[in-house]
Amino acid sequence: MTEKTVEFPNGLRYDGKVNKQGLPHGAGKVVYPDGSSYVGEWKDGMRQGQGALYVSADEQFEGDWVDNKKEGRGTYKFPNGDVFDGCYLNDKRHGTGTYRHANGVLYEGNWEDGLRSGQGTETYPNGDKQGSWSFDLKQGYGTMTFSNGSQYIGFWDKGVKSGAGKMLLSDGSRYEGEMFGDRRDGKGVYHYPSGTTYQGDWVNDLRHGEGQMSFPNGEVYKGQWNKGHREGEGEAVYADGSQTSDMVEVDGSWLLLGYDRLLFEGIYTFSNLDTYDGEWKNDLVDGRGVYNSHGNGVYTGEFKDGKRNGQGTFIHVNGDEYTGEWLDDKPHGRGVYKSSRDGSVFSGEWREGKRHGNGILQLFDGSTCRDEWYRGVLAVRFMPTQDMNVENGM
C-alpha cells in the first residue's frame, strides 16, 4: 500500500493509503463534493473498520463500519442536538443503545431495524416508562412513573395504555382494572383518597353501566351509572342496614369540563324529588349550582364535596333568606339573614348554622341593635340606634 492523493472529476478528493488498484485501502480521508468528509479506515474502496463521518459541523457519526455501512458500535450526533450511542447493523440502530433527545427524553434499551423494540426504559423530564417496545411504540407489560409521584403498571398496545393495568395517583387514589386507549374502559375498581370505592363498569374514563359505590360510613349504592353519575335503577343500603330502591331521573345531558369535573346541562332529579342544576365532581355536587330541596327551599351558590360550601343564598319556603358564607351545609362566617315573619334583618357572624359573635339586628321600624351571640344564644344586646349600617355590619 502506498500513500496517495486522488482527485476525481466530480470534485471528490482522497488523501491516504490505496491498494494496487488505486482504491482507498487502510487509513485515509475523503472530502465529498457536498463538503462532508470521512476520516478513518478503508478496505478496497469502501469504509471498513473505525472511522468518523462528518456530515456537517452539527452532524457526525463515529464508530464501526462494514462495507460502507454503519455496523458495530458507534455514536451519532444529530443537528437538533439528539445523540445516539449504541449498536448498528446494516446502517440502522440494532441491538442495545441509548438515545438522548435534546429535550431531555432518554431511551435505554433494545433496537431492531432502526426502531425501539424489546425491553427498554424511556425516561422523560416528567417521568419514565419501563417495559417492552415494538415498532418504536410501547408494547406489552411495563411501568411508567411520573415526576408528581403517579405511576402506571400494566399493559400497553401501540404506545397507549390498553389491557389490564394499575394506576397509582399522587393524591392517594388508585385504579385497578381494564384500560383502553389510555383511558379506564371495561371492568375496574377505583379507590378514592376519602375511602370511598367504586367497583364496576367504565367507559371512556367515566363510570358507565352497572356499578357499586361503597362509602366509609358503611353506606353502599348499587345500580346503574351514566357518564360518571347515578342514573336509572339502583339500590341504596344505609349504615343502619335499611335499604331503599329508587329511580334517578335526568332531563338533560352531561358535559365534560375536565378530567374529573362535569356539568349537567338540564335538571337533575334525585329519588327524594330534590333537583339540582350545576356542576359535579366525583359524583357529588361541586362548583356552582342551584339546589331545590323539595318542600324546604332553594340554595343558589357554591358547593364542595356534595355540600354547601363557600358563598351562597338560601331562600326558605316560608320566605326567610340567608346570604353569606357556608361550611359543610351550614351558615358559617359572615352572613345576612332576612326574616319574612317580622321583617327584621340580622347581619353578622355565624358558626355551624347559629349566630355566634358580633352582629347588627335591624328591626321592622328601622331601628338597629348591636348584639353579641354565643352558639345561637343572645349574650348581650346594646340599645337601639339609628346610624348602624346593616349590610356591612358596621
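Considering the stretch 215-234 alone, what residues qualify as being part of a strand (DSSP E or B) and under 16 Å from residue 306 (Cβ atoms)?
The answer is 221, 229, 230.
Going by the conditions given, is residue 276 under 29 Å from residue 179 (Cα atoms) and at pLDDT 80 or above?
Taking the combined requirement at face value, the residue does not satisfy it.
Would you confirm whether or not the stretch 323-333 contains a residue that is surrounded by fewer than 17 Cβ atoms within 10 Å (Cβ to Cβ), over 30 Å from residue 192 (Cβ atoms) and at pLDDT below 95?
Taking every residue of the stretch 323-333 in turn, none turns out to be surrounded by fewer than 17 Cβ atoms within 10 Å (Cβ to Cβ), over 30 Å from residue 192 (Cβ atoms) and at pLDDT below 95.
Looking at (1) outside any strand (DSSP E or B); (2) closer than 30 Å to residue 125 by Cα, which is the only condition residue 74 fails?
Condition not satisfied by residue 74: (1).
Could you check residue 175 against (1) at pLDDT 85 or above; (2) farther than 17 Å from residue 281 by Cβ; (3) assigned to a strand (DSSP E or B) and say which number it fails?
(2)
I'd like the full set of residues that are modelled with pLDDT under 60, of a type outside the set (Asp, Glu) and assigned to a loop (DSSP other than H, G, I, E, B), limited to the stretch 235-260.
257, 258, 259
Residue check: is residue 116 modelled with pLDDT of 90 or more, at negative phi, surrounded by 14 or more Cβ atoms within 10 Å (Cβ to Cβ) and in contact with an Asp or Glu (Cβ under 9 Å, 6 or more places away or on another chain)?
The answer is no for residue 116.
Got a number for residues in the stretch 29-43 being on the phi > 0 side of the Ramachandran plot and touching a strand residue (DSSP E or B) at 6+ places or on another chain (Cβ under 6 Å)?
So the answer is 1.
Looking only at the stretch 279-306, which residues are aliphatic (A, V, I, L, M) and modelled with pLDDT of 90 or more?
Across the stretch 279-306, the qualifying residues are 290, 298.
Select from the stretch 80-112 the residues that are under 18 Å from residue 61 (Cα atoms) and assigned to a loop (DSSP other than H, G, I, E, B) and list them in ascending order.
80, 81, 82, 90, 91, 101, 102
If you take the residues in the stretch 181-199 that are in a loop (DSSP other than H, G, I, E, B) and more than 17 Å from residue 217 (Cα to Cα), which one is nearest to the chain's Cα centre (by Cα)?
If we take residues in the stretch 181-199 being in a loop (DSSP other than H, G, I, E, B) and more than 17 Å from residue 217 (Cα to Cα), then 182 is nearest to the chain's Cα centre (by Cα).
Given the conditions (1) at pLDDT below 85; (2) more than 20 Å from the chain's Cα centre (by Cα), which single one is not true for residue 108?
Status for residue 108: all satisfied but (1).
How many residues does the stretch 335-364 hold that are assigned to a strand (DSSP E or B) and either more than 20 Å from residue 380 (Cα to Cα) or hydrophobic (A, V, I, L, M, F, W, C) (or both)?
Result for the stretch 335-364: 7.
Hey, can you tell me all the residues within the stretch 136-172 that are of a type in the set (Lys, Arg) and modelled with pLDDT under 85?
Matches in the stretch 136-172: 138, 158, 161.
Looking at the stretch 77-88, can you tell me whether even one residue there is buried (at least 17 other Cβ atoms within 10 Å of the Cβ), among the hydrophobic types (A, V, I, L, M, F, W, C), in contact with a Ser or Thr (Cβ under 8 Å, 6 or more places away or on another chain) and more than 16 Å from residue 145 (Cα to Cα)?
yes
The values are calculated or read from the model by the stated rules, or taken from the named source; none is laboratory data. What you see is a predicted model, and the numbers here were worked out from it, not measured in a lab. Heads up, the Cβs are rebuilt from the backbone with ideal geometry, glycines too, and the neighbour counts pull from every protein chain shown.
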